[in-house]
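Here is the structure we will look at, set down as structure tokens.
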Amino acid sequence: TPLPKKKRGTVLTFYRLSWGTAHSIQCEMNTGKGFSMLPLGLVLLSQPLLGARINITLYHVNPANYSGVADMDLGDEPGDAFFTARNLGLPMFCRDEGKTQQGQALCSNPEVVSDNLIVSRVILEASTDFGPYGYCDICTNGTYPGTQFVPHPLNCTNGEYVCLCRLPGGFEPCEEDRVGYRDVAATHPFPSPGTHPYFFWQANLAAKLGGFWYTPFRKGENKSWRLVETQGVANATCQKELFLAALGQKDPSCFGGCPQPTDIGSDCYIKCVYHVLLGDKASTSKSPTDEGMPGKEITQLWHESYSNCLLK
């Protein structure tokens, strides 16, 4: 029923079902014939509401010399906590498998190995007509990062953010203007037995933390999304150090038993990190839900370490 003219623009609350999870959304619904009131309650949508927009608080890790969010991958708090926590195991993985094709991509990612990383918290206004997620990274050596996914090299300009999208025919450079969307838990499955512990830790973290990742593609700026504001910027090294210090306090005997108790890149230290986060079985199998820290506690610890490292 069309609203009286004076009530147009009313903010309504809807719910969207995505991968089995109902999300509460506040939005302004434009039907093209004026603003309309939908029934309140649980509305299960088989298709996203075209034109409906939401404000999302998201985080992004990048070298400090980059700004904006176009063609970058962002996460909500659980999603970015997952990104931080899984990367803590990379030193061990890179020593063991850094020369493999997958290792070369993971172990040279500037968003992980740069010495001037920051974590930005932003408000993104986005259309809920989400599209395919973009695997976005900084171009290095003139080729797209992640080209292990494609049968031929893809050229790019060094230092620019570039994105690959998974299409029916395989991975190709993204030609999207909708905001990309990815369910962390649903897209990080458990690996086969015998796989490197890093991938078991990754899958267990995804199952425990959940969260969502988003890609605001440059082609969609001011069409499907816009950057409302940057709310804060934190030093990523500071955040990681505080996060690790808090984990160390939860089981000092494990960390203290390492040959080099303060070497955060040693195998012993890394195994203690995931022992605290996930429990003893997480390096080779699915961890029991009652082992390690609860997902909400991990996310809260990540949030506190972020807040204590704000630069502005």
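I'm trying to understand the selection: among the residues of region 182-210, which are among the hydroxyl-bearing types (Ser, Thr, Tyr), surrounded by fewer than 20 Cβ atoms within 10 Å (Cβ to Cβ) and not in a loop (DSSP other than H, G, I, E, B)?
So the first thing to find is which residues in region 182-210 are among the hydroxyl-bearing types (Ser, Thr, Tyr), and the list is 187, 192, 195, 198.
Narrowing further to those that are surrounded by fewer than 20 Cβ atoms within 10 Å (Cβ to Cβ): 187, 192, 195.
THR187 - this is the single residue of region 182-210 that is among the hydroxyl-bearing types (Ser, Thr, Tyr), surrounded by fewer than 20 Cβ atoms within 10 Å (Cβ to Cβ) and not in a loop (DSSP other than H, G, I, E, B).
Among the residues of region 204-257, count how many are over 25 Å from HIS188 (Cβ atoms) and among the aromatic types (Phe, Trp, Tyr).
1
So, in region 288-312, how many residues would count as being in a helix (DSSP H, G or I) and surrounded by 19 or more Cβ atoms within 10 Å (Cβ to Cβ)?
Here is the first cut: in region 288-312, the residues in a helix (DSSP H, G or I) are 295-307.
Subset that is surrounded by 19 or more Cβ atoms within 10 Å (Cβ to Cβ): 295, 298-299, 301-302, 305-306.
Result for region 288-312: 7.
Filter region 47-65 down to the residues that are at pLDDT 95 or above, among the aliphatic types (A, V, I, L, M) and either on the phi > 0 side of the Ramachandran plot or part of a loop (DSSP other than H, G, I, E, B) (or both) and list them by number.
ALA64 - this is the single residue of region 47-65 that is at pLDDT 95 or above, among the aliphatic types (A, V, I, L, M) and either on the phi > 0 side of the Ramachandran plot or part of a loop (DSSP other than H, G, I, E, B) (or both).
Starting from residues that are charged (D, E, K, R) and not in a helix (DSSP H, G or I), keep the ones in region 226-260 and report whichever is surrounded by the fewest Cβ atoms within 10 Å (Cβ to Cβ). Quick ask: steps written out before the conclusion?
Filtering region 226-260 for residues charged (D, E, K, R) gives 226, 229, 240-241, 250-251.
From what's left, not in a helix (DSSP H, G or I): 226, 229, 251.
Numbers: ARG226: 15, GLU229: 11, ASP251: 14.
So the residue we want is GLU229.
Can you tell me how many residues in region 211-225 are buried (at least 20 other Cβ atoms within 10 Å of the Cβ) and either part of a helix (DSSP H, G or I) or within 10 Å of the chain's Cα centre (by Cα) (or both)? Please lay out each step first, then the result.
Filtering region 211-225 down to residues buried (at least 20 other Cβ atoms within 10 Å of the Cβ) leaves 211-217, 220, 224-225.
Now narrow it down to the ones that are either part of a helix (DSSP H, G or I) or within 10 Å of the chain's Cα centre (by Cα) (or both): 211-215, 220.
Final tally of qualifying residues: 6.
List every residue pair whose Cβ atoms lie under 9 Å apart, where the two residues are 6 or more positions apart in sequence or sit on different chains, the first residue falls within region 213-225 and is among the charged types (D, E, K, R), and the second residue, located anywhere, is part of a loop (DSSP other than H, G, I, E, B) and open to solvent by 100 Å² or more (accessible area, probe 1.4 Å).
LYS219/GLU175
Residue-by-condition table, conditions (1) modelled with pLDDT of 90 or more; (2) assigned to a strand (DSSP E or B):
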site	(1), (2)
CYS94	yes, no
GLU111	yes, no
VAL119	yes, yes
ILE123	yes, yes
GLN148	no, no
HIS152	no, no
GLY159	yes, no
CYS165	yes, yes
GLU172	no, yes
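Does GLY68 qualify as being modelled with pLDDT of 85 or more and in a loop (DSSP other than H, G, I, E, B)?
Values: modelled with pLDDT of 85 or more: yes; in a loop (DSSP other than H, G, I, E, B): yes.
Taking the combined requirement at face value, the residue satisfies it.
Please state which one of GLN239, GLN231 is under 20 Å from the mean Cα position of the chain (by Cα) and under 30 Å from CYS268 (Cα atoms).
Working: GLN231 fails: under 30 Å from CYS268 (Cα atoms).
Of GLN239, GLN231, the one residue that is under 20 Å from the mean Cα position of the chain (by Cα) and under 30 Å from CYS268 (Cα atoms) is GLN239.
Restrict the check to region 138-155 and report whether at least one residue is surrounded by 16 or more Cβ atoms within 10 Å (Cβ to Cβ), of a type in the set (Val, Ile, Thr) and within 23 Å of ALA282 (Cβ to Cβ).
Scanning region 138-155 turns up no residue that is surrounded by 16 or more Cβ atoms within 10 Å (Cβ to Cβ), of a type in the set (Val, Ile, Thr) and within 23 Å of ALA282 (Cβ to Cβ).
Any idea which of (1) assigned to a strand (DSSP E or B); (2) touching a Phe, Trp or Tyr at 6+ places or on another chain (Cβ under 9 Å); (3) open to solvent by 20 Å² or more (accessible area, probe 1.4 Å) is the one GLU176 doesn't satisfy?
(1)
Filter region 48-105 for residues that are of a type in the set (Phe, Trp, Tyr) and open to solvent by less than 10 Å² (accessible area, probe 1.4 Å); which is farthest from ILE270 (Cα to Cα)? Give the steps one after another, and end with the answer.
So the first thing to find is which residues in region 48-105 are of a type in the set (Phe, Trp, Tyr), and the list is 59, 66, 82-83, 93.
Among the residues that remain, those that are also open to solvent by less than 10 Å² (accessible area, probe 1.4 Å) are: 59, 82, 93.
Working: TYR59: 24, PHE82: 15, PHE93: 10 Å.
Residue satisfying both the conditions and the ranking: TYR59.
Being crowded, with 22+ Cβ neighbours inside 10 Å and of a type outside the set (Gly, Ala, Ser) is the filter here, so list the residues in region 274-287 that pass it. Working first, answer last.
Residues of region 274-287 that are crowded, with 22+ Cβ neighbours inside 10 Å, as a first pass: 274, 277-278, 282, 287.
Of everything in region 274-287, those that are crowded, with 22+ Cβ neighbours inside 10 Å and of a type outside the set (Gly, Ala, Ser) turn out to be TYR274, LEU277, LEU278.
The values are calculated or read from the model by the stated rules, or taken from the named source; none is laboratory data. This is a predicted model, so every value here is computed, not measured. Quick reminder, even Gly has a Cβ in these numbers, built from the backbone with ideal geometry, and neighbours come from all protein chains shown. Surface areas here come from the heavy atoms of the whole protein model, side chains and all, with no ligands, DNA or RNA. Shrake-Rupley method; radii C 1.70, N 1.55, O 1.52, S 1.80 Å.
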